[in-house]
1. Being out of contact with any strand residue (DSSP E or B) (no Cβ under 8 Å at 6 or more places or on another chain) and within 25 Å of residue 195 (Cα to Cα) narrows it down to one of 339, 283, so name that one.
2. Here are the criteria: (1) surrounded by fewer than 15 Cβ atoms within 10 Å (Cβ to Cβ); (2) within 19 Å of residue 338 (Cα to Cα). Tell me which single one residue 183 does not satisfy.
3. On the given criteria, is residue 268 surrounded by 19 or more Cβ atoms within 10 Å (Cβ to Cβ), under 27 Å from the mean Cα position of the chain (by Cα) and polar (S, T, N, Q)?
4. Looking at (1) within 24 Å of residue 332 (Cα to Cα); (2) surrounded by 15 or more Cβ atoms within 10 Å (Cβ to Cβ); (3) in contact with a Ser or Thr (Cβ under 8 Å, 6 or more places away or on another chain), find the lone condition where residue 305 falls short.
5. Given (1) β-branched (Val, Ile, Thr); (2) surrounded by 21 or more Cβ atoms within 10 Å (Cβ to Cβ); (3) without any contact (Cβ under 8 Å) to a residue 60 or more places away in the chain, where does residue 165 come up short, assuming only one miss?
6. Is there a residue being part of a loop (DSSP other than H, G, I, E, B), basic (Lys, Arg) and modelled with pLDDT of 95 or more anywhere in the stretch 236-243?
7. Six or more apart or on different chains, Cβ atoms under 6 Å: show the pairs whose first residue is in the stretch 231-259 and free of Cβ contacts under 8 Å to residues at least 40 places away in the same chain and within 19 Å of residue 189 (Cα to Cα) and whose second is of a type in the set (Asp, Glu) and not in a helix (DSSP H, G or I).
Amino acid sequence: MRSFAGQYPANRPMTRPIRATGSTVPNRFTLWAARHHGGMRAAGLSLAVLLALATAACDSSTSTPAPSPTTSSPTAAPPHSSATPSPPTTPGGTPTSSPPSRAFDAIAATATVRYLAGELGPREATSTAYRRALAWLGTRFEAAGYQVKRQALQVPAGNSWGVPVRAGTTWNLIATKPGFDPTAPHRIVGAHLDTVPQAPGAEDNASGIAVLLGTAESLPAPKLPTAFIAFGAEEPRGDGDNRHHYGSRAYVASLPAAQRRALRGMVSLDRVGVGSVVPVCTATAGQVTLQREVRAAAARARVPTRSCVNRSSDHWSFVRSGMPGVRLGSTPYAEYHSARDLPPVVQAAQLGRMGRVLAGWLQS
């Protein structure tokens with residue numbers, strides 16, 4: 001429809017005014033027009049308004065045609081946004097990308113030592129205190145996003161550093177991140193949770209558990225997937241290798257060949273809170289590849305180390321079965337396996353050194 005806009009300004013009537021003829025006597029039409037002149041002006045204004053409204057409606061319908069109604073067309077999808085997409089989320093809405101690593105907290109590690117050795121005290125492998133320590137540790141790992149498994153094993157009665165111990169059940173605790181595949185290349189960090197019956201076990205081995213837990217909490221994305229394991233019944237129940245390291249031996253015995261081949265290295269944390277130098281011990285003099293890796297990580301972290309050969313920890317269970325393993329720790333101290341092995345024995349600075357070395361290796 002053609003628009004009339006602009007042809008008739010809004011302040012001008014759209015009807016022509018009636019003019020008198022040359023006769024001095026008005027005719028009927030002239031008289032009627034004179035009589036109704038005011039009404040015609042009002043009518044002309046009303047008509048102008050109506051035409052203006054019609055013109056606007058025509059312009060509107062021309063510029064934006066109305067869609068044809070339909071009942072079968074689907075709802076249009078929203079336009080694609082070019083904004084940076086958010087990371088994928090789990091069913092609970094948590095981003096699946098790993099959180100950034102943070103520095104190992106030596107002060108928090110000493111708090112772990114105080115709880116295990118100060119509040120719980122001696123944690124012989126079949127005791128109630130050991131079970132309480134195991135439950136507490138499992139809760140901490142789960143809070144840090146790990147999946148926790150418990151591996152039960154039977155241990156015999158015996159004699160542990162002069163104190164009789166009864167037969168019973170103990171457990172390993174294995175913490176891994178969701179999706180961990182033990183047949184793919186991975187690493188293991190372990191520490192024994194038990195003590196000899198007479199010792200609160202601050203240095204031997206609440207210190208190792210403190211570094212194990214603190215590293216797992218502060219380093220959520222190591223270079224290779226890593227299993228963190230608290231072993232039960234590491235302490236001897238008699239003489240010889242076969243009366244020692246029960247938890248780690250049971251764990252190794254449960255591994256199929258594919259998992260053994262996939263293991264790239266095992267580090268045992270055992271007595272790691274005393275001294276100013278970090279001992280990095282192999283189980284045999286010829287097995288030095290993993291030892292060199294760990295010492296190189298320590299050098300990058302500017303932590304002094306020394307080499308040693310030592311079989312008195314859970315790394316030996318792996319090495320004797322053909323897998324690479326080393327021990328961090330073993331500095332002698334006067335309170336060893338005694339009631340004096342209390343939290344003040346452990347030095348926060350040494351826990352910090354151990355934490356930096358372990359984190360450096362796991363990130364390499």
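1. 339
2. (2)
3. Against the criterion (surrounded by 19 or more Cβ atoms within 10 Å (Cβ to Cβ), under 27 Å from the mean Cα position of the chain (by Cα) and polar (S, T, N, Q)), residue 268 qualifies.
4. (3) is the only condition that residue 305 fails.
5. (3)
6. yes
7. none
Yes/no matrix, rows are residues, columns are (1) in contact with a Phe, Trp or Tyr (Cβ under 9 Å, 6 or more places away or on another chain); (2) modelled with pLDDT under 95; (3) of a type in the set (Ser, Thr, Tyr):
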site	(1), (2), (3)
67	no, yes, no
72	no, yes, yes
94	no, yes, yes
107	no, no, no
121	no, no, no
137	no, no, no
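The values are calculated or read from the model by the stated rules, or taken from the named source; none is laboratory data. Bear in mind that the values here come from a model prediction, so they are computed numbers and not experimental data. Heads up, the Cβs are rebuilt from the backbone with ideal geometry, glycines too, and the neighbour counts pull from every protein chain shown.
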